[in-house]
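Reading through the structure tokens given below for one structure.
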Amino acid sequence: MQVTDVAVKAGRIVEEVEKAIVGKHETVRTAVVALVSNGHLLIEDIPGVGKTTLAKSLALAIGGEFRRIQFTPDLLPSDITGSSVWDQREARFDFRPGPIFGNVILADEINRATPKTQSALLESMEERQVTVDGETRPLPIPFFVIATQNTIEMTGTYPLPEAQLDRFFARISLGYPDRDSEVRILGEQRQAHPLETVRQAIEPTELLDLQQAVRGVFVPESVRAYIVDIVQATRESSRFMMGASPRGSLHLMRAAQAHAALEGHEFVRPDDVKAMAVPVLAHRVIAQPDLGLRGSTVEDAIREALATVPVPVSRSLA
């Protein structure tokens, strides 16, 4: 598959998703970047801004099977992965697959489940398989997890530790729509839900081809060094107690490849790296306790670190 094909087909996915998610073009593109990069997405936001709608519309656009898991304190790992049930008639144990066996999985309010249950999901994300009663079963492909966390009502929750946050490819926030977008939303949903207008843009097998093609986008050595310098800057910044991990470098490169492909470029440019630095790195760092008291955010601090790194000149990208 050519890079131009990636841009066209990924653009169709974005177009279909934007029928349901209004006024959030860059956020939708970032979600599609994570999808075609074969990563997983974390959405941190307040209730009612469209997190579930985004997940459902992505599933519709790729023709995948959508599964939703509502995380609660009493949810068990077997409620996610499935379990073996004794069949008295056949005198044997039969495996009953859990909701993790789907193509697009919405892990809703993941921070409300216990760490043990959270770990069961994250193991499935990393290994693309589940092991029950000593038998390993592969998960369907494509396999894309969208986990959500509400940024309010944190009492009684179990925030994901940094080691588990690091396994998410990118983190996004939808936020409130602007006034014009919200007026449009009211008009479009007056008689029908926008998900009814979302159509399948590609076949699930085509998504696998997209993911393979993204891996083939060329990354010049100078851009690879630029990525490492950015990640190194987060480790050296006084704004952070802990900088991004080597996995952050790898995921930033993958995201830049996908961003370049969506732009129809054959190779990664520094602008592709800049565009993806915040969503890929912001959840991988630990800020100093007084960062908020200074009126700054983690995203602002990532941008500050990014500004300190020299950008490769164009002649070195050949």
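Read-outs: derived from the displayed coordinates by stated rules, not from any lab. What you see is a predicted model, and the numbers here were worked out from it, not measured in a lab. Methodologically, a virtual Cβ is constructed for each residue, glycine included, from the backbone with ideal geometry; neighbour enumeration extends over all protein chains shown.
Would you list which aspartates and glutamates come within 20 Å of Lys116, measuring only between C-alpha atoms, while excluding same-chain residues fewer than 8 positions from it?
Leaving aside aspartates and glutamates fewer than 8 places away in the same chain, those within reach of Lys116 are Asp74, Asp79, Asp108, Glu126, Glu127, Asp133, Glu135, Glu162, Asp166.
Compute the helix-to-body angle for 221-236: its Cα long axis versus the longest principal axis of the chain, expressed 0 to 90° and rounded to tens.
Between the helix axis and the principal axis of the chain, the angle is about 80 degrees.
May I ask you to list the lysines whose Cα is less than 24 Å away from that of Lys24, ignoring any residue fewer than eight positions away on the same chain?
Output for Lys24: Lys9, Lys51, Lys56, Lys274.
Rounded to the nearest 5, what % of DSSP beta bridges with both residues in the chain are antiparallel?
Numbers: 12 of 30 bridges.
So the antiparallel bridges amount to about 40 percent of the total.
By count of other Cβ within 10 Å, fewest leading, how are His265, His40 ordered?
Working: His265 18, His40 22.
In order of increasing Cβ crowding within 10 Å: His265, His40.
Could you tell me the relative contact order of the stretch 214-312? Use alpha-carbon pairs under 8 Å, at least six residues apart, and round to a whole percent. Kindly include the intermediate steps, with their values, before the conclusion.
Working: 137 pairs, mean separation 35.9, N = 99.
Taking the mean separation of contacting Cα pairs over the length of the stretch 214-312, I get 36 percent.
What ranking do 157-166, 84-93, 270-279 get when scored by the average of other Cβ atoms within 10 Å per residue, highest first? Each step should come with its number before you reach the end.
Values: 157-166: 15.3, 84-93: 9.3, 270-279: 22.4.
Highest mean packing first, the order is 270-279, 157-166, 84-93.
Sum up the charges of everything whose Cβ sits under 13 Å from the Cβ of Glu15, counting Lys and Arg as +1 and Asp and Glu as -1, but leave Glu15 out.
On the way: positive: Lys9, Arg12, Lys19, Arg29, Arg199; negative: Glu16, Glu18.
Around Glu15, the surrounding residues sum to +3.
Once fully extended, how much extra length lies between Arg137 and Asp74, figured as 0.36 nm per residue of separation less the alpha-carbon to alpha-carbon distance? Could the numbers behind the result be given before it?
On the way: separation 63, 0.36 × 63 = 22.68 nm, distance 2.46 nm.
Value of the extension gain: 20.2 nm.
Work out from phi, with θ = phi - 60° and the Karplus expression 6.51 cos²θ - 1.76 cosθ + 1.60, the ³J(HN,Hα) of each residue of the stretch 199-204, listed in order in whole Hz, and give x for Gly and Pro.
Using θ = phi - 60°, the values come out as 10, 5, 8, 9, 7, x Hz.
Once a ≥ b ≥ c are taken as the square roots of the eigenvalues of the Cα gyration tensor of the chain, is the result rounded (a/c under 1.5), prolate (a/b larger than b/c) or oblate (a/b not larger than b/c)?
rounded
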